[in-house]
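Q: Starting off with a structure, shown below.
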Amino acid sequence: MDKPHKKLDVWKLSMELSRGIYRLTTGYPSEERFGLVSQMRRAAVSVPSNIAEGAARDSNNVLNKGGRGVKSPLDSGGAGQPPVARDVTAEYRI
């Protein structure tokens, strides 16, 4: 299956942002672990995920069918989340 988002510079930059947020938030106080840290990390991971989801859509097909060709977010396979998880796991040996 073709992954068109992996060719996009914006997706690559969003992956760098996600990794950077994970690195940044490791130094935050432990009392922020379930508050600010969690919120920042979820927001950072949502950027590449949303880009991948948008890239997986066939926009011409959607417009021609009046929205009936819209794919589910699951069709992009949560494409931003596995790479971020893999990178973070490797970097922090989780």
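Q: Within region 15-38, how many residues are out of contact with any helix residue (DSSP H, G or I) (no Cβ under 8 Å at 6 or more places or on another chain) and of a type in the set (Ser, Thr, Tyr)?
A: Number satisfying all stated conditions: 2.
Q: Restricting to region 1-49, give me the number of residues that are touching a residue at least 40 places away in the same chain (Cβ under 8 Å), surrounded by 12 or more Cβ atoms within 10 Å (Cβ to Cβ) and outside any helix (DSSP H, G or I).
A: Of the residues in that region, 2 qualify.
Each value in this text was obtained by applying a stated rule to the coordinates, not by laboratory testing. Computed from a predicted structure; not experimentally measured. Counting neighbours? That spans all protein chains shown, and the Cβs are built from the backbone with ideal geometry, glycine included.
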